[in-house]
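Structure first, commentary second.
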Amino acid sequence: MPDHPQDTRRSQSTNNVNRTAQVEVVQQTAERLAHNVGQVILGKRNEVRLMVLGLLSQGHILIEDIPGVGKTMIAKALSRSLGCTFSRIQFTPDMLPSDVTGITIFNAETRKFEFRPGPILAQVVLADEINRATPKTQSALLEAMEERQVTVDGVTYSIQEPFIVMATQNPIEYEGTFPLPEAQLDRFMLRLTLGYPAPNEELAVLTSQQYEHPLNNVFQVVNAQELVTAQQAVREVYVADEIKRYIIDIVNGTRSHPKVALGSSPRGSLALFRTSQARAAMAGREYVIPDDVKALAEVTLAHRIIMRPDPGFREEVSSRVVVQEVLARTAIPGASVWQ
């Protein structure tokens, strides 16, 4: 028999209360993390919030920029704010895959083979200057980033949740770098750039580091269980079917663009979907709106696009420009479907 109308309304009311409470959990967690990291990375509020957003979306983050603008520092500040196991991998051209995943060695005393875990088995991994390693070593991260596990000598080892890789890389034009394989890039949910600080922000940096580094005063503000709870709450944010179609239309637009050889993958659609949920929750909303999708399209999709090397084009167009062009010509869902 169908539910009584009063019971249905009561159930909907309970769901709304629960969803509101979950959004508050996400907001509180995000604010604590953003404030803590913001004490170290001055003048980069939007970039810091994007880092936190990627963390709450259970995604890996790639920071690409020139040396010296704070790529490693922002990753270290975020990792110190979390009560999770942490490891740092400094990638170099002579690094081997086993230096990342771990190795099985023979113990002469016990007469048994023992597994020595590599740094990738930590919960928060800083992969510093990832594109200085060869593609073979870079590929050692693929299984861990997608499946939260590593396989060494036929034995699979799980990685404890939460798990996030924060990688930094220098622009590929720099000497001694190797471009990340497409499969590797596709596993990063977000790609960010920091850029130079404004003069007044750089002055604040000099002042803040006159006597000691602000990183010395960054301590844990969120434990592992609180982070997992917030990540689960993000998934409860409502996304209307029209918003889902809007995401798909944008992704399909990157695939049909005349200057694109390979558009965004379905993993890109999911990344845009999940980060839009996190952005809505961080804003105190229980539902996603088109502005959430538009704000995150570039950082979630641009690095997944491979441009067509066609000399017939009069001017070079970057993947970021492609995303903006696709957004401009993709119809936005009517306001009535998501309010």
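Evaluation of Ile41 against the conditions (1) outside any loop (DSSP other than H, G, I, E, B); (2) under 19 Å from the mean Cα position of the chain (by Cα); (3) in contact (Cβ under 8 Å) with a residue 12 or more places away in the chain shows that the sole unmet condition is (1). The set of residues in the range 133-167 being in contact (Cβ under 8 Å) with a residue 24 or more places away in the chain and touching a Ser or Thr at 6+ places or on another chain (Cβ under 6 Å) consists of Ala140, Val150, Val152, Asp153.
In the condition set (1) within 23 Å of Glu143 (Cα to Cα); (2) within 18 Å of the chain's Cα centre (by Cα); (3) not polar (S, T, N, Q), Leu96 is compliant with all but (2).
Criterion first (crowded, with 16+ Cβ neighbours inside 10 Å and farther than 27 Å from Leu227 by Cβ) does Asp153 satisfy it? Don't jump to the end; show me each part of the working.
On the way: crowded, with 16+ Cβ neighbours inside 10 Å: no; farther than 27 Å from Leu227 by Cβ: yes.
No: the conditions fail for Asp153.
If only residues of the range 92-113 that are touching a Ser or Thr at 6+ places or on another chain (Cβ under 7 Å) and outside any helix (DSSP H, G or I) are counted, the one that is farthest from Gln169 (Cα to Cα) is Phe113. Looking across the range 60-91, the residues that are crowded, with 22+ Cβ neighbours inside 10 Å and either hydroxyl-bearing (Ser, Thr, Tyr) or over 15 Å from Leu126 (Cβ atoms) (or both) come down to Ser79, Ser81.
Just one of the numbered conditions (1) part of a helix (DSSP H, G or I); (2) under 25 Å from the mean Cα position of the chain (by Cα); (3) modelled with pLDDT under 90 is not true of Val317: (1).
The values are calculated or read from the model by the stated rules, or taken from the named source; none is laboratory data. Since we're looking at a predicted model, the values are computed, not measured. Note that we place each Cβ from the backbone using ideal geometry, even for glycine, and neighbour counts take in every protein chain shown.
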